[in-house]
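First comes the structure, then the notes that go with it.
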Amino acid sequence: MLKVQGVSKSFGGLRAVDQVSLQVEQGQIAALIGPNGAGKTTLFSAIAGFHKIDNGGIEFEGKPIANVAPHKIARHGLVRTFQITQPFARLSVIDNIIIGAYQRYSDYEHARAHAEGVAEQLGMTKILEQPSVSLTVVGRKKLELAKALATSPKLLLLDEVMAGLNPSELLETIEIIQKINKSGVTILLTEHVMQAVMQLSSYVYVLSYGQVIAHGAPQEIVSNPKVVEAYLGREIVDA
Amino acid sequence: MSQSRSGASHSVTWKLHLAILICALAYPFLFTSNFAINLGVMALFYALIGQSWNLSGGFAGQLSFGHVGFFGFGAYASTILQLRYGVSPWLGLPAAALAGAASAGFVAILSFRAGLKGSYFALITLAFVEVFKIISNSVEFTGAGLGLLIPKKIGFENFQFKDRLAFYLIILILTALSVATAEWLRRSRFGARLAAIRENEEAAQALGIDVFTEKVKIMLLSGAVCGTGGCFFAQYFLYIDPSIAFGLDKSVEMLLVSMIGGQGTVYGPLLGSILLAILSEGTRSISQVQGLSLVLYGGLLIVIIAFLPHGLIELFKKIKPSQSRGTDA
C-alpha cells in the first residue's frame, strides 16, 4: 500500500533521513521505532508531503506521491497526526473533528453526525463542547487521532500518539488503535512506548541516524544486537 | 462565533437577524434629521468595509493592513467608468466589486505564493497600498493628485439622490448582504475550513485543506465586498483622490471596527462601526478638535482589549446563558 524507496532528506549538512526504504501492506499495523533524533518524524513529514525529499521515491496505492502537496496526499487517504498535537485551538472539540469530517461530507449535518460517530469510537463524547485548548494530554492526543480519523483515511501515520500517557490511558489507546485497524484502516506508527509497539504492530522498522538498521517481526527486533546497541550503546569490553 | 455553530440555535439566530434588520429599516423613519441619517449611513458604510476586512481577517485570520487598497480599486473603477466611458454607476457597482476582487486576488496570490503569513502578510499588504497610492497619484488616468470629481447630476440613473434616505437604504442593502455572507461563512464548510486555517495552517493541510486556494478565495470575496464600499463612497461624496482611496486611516478603521466589535463574528463589525460613528459624530458636535473621536476610540480599544479580548459582542454573549461552558478541565 505504501512503498518508500531510497528516500533521503538533508537539512543543510545533516542527513536526517538516509536512503530509507520501507513498505506497509494493506490492513497492517507497522511500526517505525528508533532513538530520539533518528529521523522518524522527518520521514513521516516527507511521506505526508510536508518535507520535499532530496531523492528516492514514495508510492501510495501504486501512485507516486513524493513531493506532492500535503493536502493532496491527505485527500488520497494518507493522513498524518502530529507528535506535538496541533488542535485548532479556539474551536471546540467537536468543531475540530468536523473539520476532518468535512473532507467526506459537504453539509454540516452529515459532517457533524460523522464527527460524533468518530468521537464516540474514541470515547470522547463527554468532552465534545469543550474548547480544545482546555484538554488534558490524553484528550489532546485523542483529538489529534479523531481529526485524522474523521477524514476516513486509508492509511494513518500516527506520530507518537501514546507519548505521555499513563498506563491505563495507554491500554485504552492501544485498544482504540486496534479497533481502528480492524475497521479497515492501515496504520504506520512511530512510538517510544515499546509495550504499545509489541502489542500492536506486526512488522517493525528500526531507524537510527536516519538509516534503517533492522526490520522484521517485533520479537526478532528486540533481540537484534544492532537495535540494542542503537538504543543502549555498545558494551565497553575491549577497553 | 464558530464555536456556537449548533443546529438547535438556528431558529434563534433567524429571529435575531430579522429583529436587527427591522431596527435598521425603522431607524431613518424614527430619526429623520439629516444628521441622524448621515450618522446611519456612515455607521453602515463602516460596517460594510469592516465586514469585508472581517471576512478575511476575522474568519480566516489573514490580518491585512491593506484593505483600503481594494476599497480604492472599487472607487476608482466605478468613477473612471462613469467619467471616461459614460458607464452608469449602477453598472459601476458590480464593476467595483470585480475590481476589488481582482486587486485582492493579485495581492493574495503574490503574497501567499511567497508563503507570507501573519505580520509579514500585514506588512506586504501595507506596501501594496503605498504602491497603489503612488501610482494613482502620478497617472493622468486616475486624475493624479487632483483626484476625480463626479459632477452633481441628481437622478436615480446617476446613483445620486436628493434625499439621503435613498443612500441609507442602498448602504443598508449592501451591508445586509455582507452580513448574510458572514452568516453563510459561519455555517458553511468553506467557513469551517477558514477557521481551521486561522487556527493552524499545518494541521489544516494535514486534513486535506488546500490552504493556498482557500485563502485566495476568501481574499477575492473580501475584496469584492470592499470594492462595492468604494463605489458607494465615491457616489456619496462625489469625489475621490489617492489619499482618500488609498489612505491608511480607512484600513485602520476597518480593522478597528472588527476588533472592537468582535472579529470573526457575524455582527462584530456592525457593533464596532455603530460605536465608531456615534463617537466620531458625537465628539465633533461637542468639540472642534480634529480626530478627538479617534483618541477616544483608541482609549476604548485599550479597555476592550484588556477586558473583552473577543470584542463587544462578548457582552451580548454573556447575557445569554446558553453558551457552552466547560473550560475547567
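Hydrodynamic analysis of the protein assembly as shown uses the Kirkwood radius over alpha carbon pairs. Inserted into Stokes-Einstein at 20 °C and 1.002 mPa s, it gives a translational diffusion coefficient of 82 µm²/s. Looking at region A:18-85, the GluC sites (Glu not before Pro) that sit in a DSSP loop and have at most 13 other Cβ atoms within 10 Å of their own Cβ are A:25.
Summarising the amide proton neighbourhood of residue B:87: residues at separation of 5 or more, or on other chains, whose placed amide H is nearer than 5 Å comprise B:82. If you plug the beta carbon distance of residue A:222 and residue B:202 into 1/(1 + (r/R0)^6) with R0 = 22 Å, you get a FRET efficiency near 0.05.
Residue-wise HN-Hα couplings along region A:89-97, as the Karplus relation 6.51 cos²θ - 1.76 cosθ + 1.60 with θ = phi - 60° gives them from phi, are 4, 8, 9, 6, 4, 5, 5, 4, 5 Hz; Gly and Pro carry x.
Remark: spin-label model distance residue B:188-residue B:126 equals 3.2 nm, labels positioned 7 Å along the Cα→Cβ axis. For residue B:18 and residue A:192, a Förster radius of 60 Å and the Cβ-Cβ distance give a FRET efficiency of 0.60, rounded to the nearest 0.05.
For region A:93-231, the alpha carbon convex hull comes to 118 Å³ per residue, rounded to a whole number.
Mind checking which helices in chain B clear 24 Å along their axis (Cα) and have mean Kyte-Doolittle hydropathy of 0.0 or more, DSSP H runs only?
Result, helices passing both filters: B:10-30, B:34-53, B:67-85, B:89-113, B:118-138, B:164-187, B:211-237, B:268-286.
Between the Cα long axis of helix A:137-150 and the first principal axis of chain A there is an angle of about 80°, rounded to the nearest 10. Taking 18 Å as the straight-line reach from the Cα of residue B:153, the aspartates and glutamates in range (excluding those fewer than 8 positions away in the same chain) are B:163. Across peptide A:87-99, the average count of Cβ atoms from other chains found within 10 Å of a residue's Cβ is 6. Cross-link reach is defined here as a Cα-Cα straight distance under 26 Å, omitting same-chain residues fewer than 8 places apart; for residue B:317 the lysines meeting it are A:126, B:15.
Ranking B:194, B:180, B:208 by Cα position along the charge dipole of region B:166-212, where only Lys, Arg, Asp and Glu carry charges on their C-beta atoms, puts B:180 farthest toward the positive end. In terms of overall dimensions, region B:267-311 has a Cα radius of gyration and Dmax of 11.2, 33 angstrom. In a simple Cβ point-charge model (Lys, Arg +1; Asp, Glu -1; nothing else charged), chain A has a dipole of about 560 debye relative to its Cα centre.
Dipole magnitude for region B:15-247: computed about the Cα centre from +1 point charges on Lys and Arg Cβ and -1 point charges on Asp and Glu Cβ, it is near 300 debye. Dipole orientation for region B:15-247: of the candidates B:116, B:28, B:158, B:28 has the Cα lying most toward the positive pole (charges on Cβ; Lys, Arg +1; Asp, Glu -1).
Under the definition of partner shielding as Cβ atoms of other protein chains within 10 Å of a residue Cβ, what is the mean value for peptide A:68-80?
Per-residue shielding by partner chains comes out at 4.
Summary: within chain B, the longest segment free of trypsin sites (Lys or Arg not before Pro) located in DSSP loops with at most 16 other C-beta atoms within 10 Å is B:163-324. Taking the DSSP bridge list for chain A and keeping only pairs wholly inside it, about 55 percent are antiparallel. Please give the calculated 222 nm ellipticity per residue for chain B, where each DSSP H segment of at least 4 residues contributes -39500 (n - 2.57) and the sum is spread over every residue; nearest 500 deg cm²/dmol? Estimated from H runs of four or more residues: -24000 deg cm²/dmol.
Between residue A:133 and residue A:110, what is 0.36 nm times their sequence separation minus the Cα-Cα distance? Round to one decimal in nm.
Values: separation 23, 0.36 × 23 = 8.28 nm, distance 2.53 nm.
Net length gain for the segment: 5.7 nm.
Note on residue A:26/residue B:213: beta-carbon distance plugged into 1/(1 + (r/R0)^6) with R0 of 25 Å gives a FRET efficiency of 0.20. Under 19 Å of direct C-alpha separation, and excluding same-chain neighbours fewer than eight residues apart, residue A:72 reaches these lysines: A:3, A:52, A:63, A:147, A:154, B:215, B:217. Taking the square roots of five times each eigenvalue of the Cα gyration tensor of chain B, the equivalent ellipsoid has semi-axes of 31, 25, 19 Å, listed largest first. Annotation note: trypsin sites (Lys or Arg not before Pro) in region A:23-73 located in DSSP loop regions with a Cβ neighbour count of at most 14 within 10 Å are A:52. For chain B, the relative contact order comes to 32 percent (Cα pairs under 8 Å, sequence separation of at least 6). Charged neighbours of residue A:138, selected by a Cβ distance under 10 Å, balance to +1 (K, R count +1; D, E count -1).
Around the Cα centre of the protein assembly as shown, unit charges on the Cβ atoms of Lys, Arg, Asp and Glu (plus for the first two, minus for the last two) sum to a dipole of about 1100 debye.
Computed from Cα positions, the angle between helix A:108-121 and the longest principal axis of chain A comes to roughly 50 degrees.
Bear in mind these aren't lab numbers, they're just calculated from the coordinates by the rules spelled out. The structure presented is a predicted model; accordingly, all values stated were derived computationally and were not measured. In this analysis, Cβ positions are derived from the backbone assuming ideal geometry, glycine residues included, and neighbour counts consider all displayed protein chains.
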